[in-house]
1. Taking the conditions exactly as written (in a helix (DSSP H, G or I) and touching a helix residue (DSSP H, G or I) at 6+ places or on another chain (Cβ under 7 Å)), does Ala85 satisfy them or not?
2. Conditions: (1) at pLDDT 55 or above; (2) farther than 27 Å from Pro103 by Cα; (3) not aromatic (Phe, Trp, Tyr). Gln38 meets all but one. Number of the miss?
3. Yes or no: segment 25-35 includes at least one residue that is in a loop (DSSP other than H, G, I, E, B), under 11 Å from the mean Cα position of the chain (by Cα) and modelled with pLDDT under 90.
4. Test Ala68 against the stated conditions and say whether it is among the small types (Gly, Ala, Ser) and either at pLDDT below 85 or in contact with a Leu (Cβ under 9 Å, 6 or more places away or on another chain) (or both).
5. Considering only segment 36-66, how many residues are surrounded by 11 or more Cβ atoms within 10 Å (Cβ to Cβ) and in a loop (DSSP other than H, G, I, E, B)?
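The values are calculated or read from the model by the stated rules, or taken from the named source; none is laboratory data. All of these numbers come straight from a predicted model, not from anything done at the bench. All Cβ positions, glycine included, derive from the backbone under ideal geometry; neighbour counts span all protein chains shown.
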Amino acid sequence: MNKKYELLKGEKTMSHATPIQDNSASPRPITGYRDLSQAEIDLMNEIKEYAEKTRDLVYRVACAAEDADNALAAVAEPLRWVSIARTHLQQGYMALTRAVAQPTTF
């Protein structure tokens, strides 16, 4: 397994993330972001769940690409395409979260 994709599989998922504990009376606002409704929070969490499933799919495709026939892989460059797909999918999920959060900053 390529080290790059070992790291991909070894990244922490949302379910393993340690929640940040905030002991202040109220959370500090993030510049350019507004408070989200519960429906928007639920939608953001659904986007994050799909993103995690997609990351697992990208990992499985990367594993299959590494096991591909070397002669064909030299021409077809499957790992390059996995990398491109990963980047574009990350951009897509970020776009979805921005569509929900509607930040006012660049």
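1. Numbers: in a helix (DSSP H, G or I): yes; touching a helix residue (DSSP H, G or I) at 6+ places or on another chain (Cβ under 7 Å): yes.
So Ala85 fits the description; yes.
2. (2)
3. Taking every residue of segment 25-35 in turn, none turns out to be in a loop (DSSP other than H, G, I, E, B), under 11 Å from the mean Cα position of the chain (by Cα) and modelled with pLDDT under 90.
4. The answer is yes for Ala68.
5. 1
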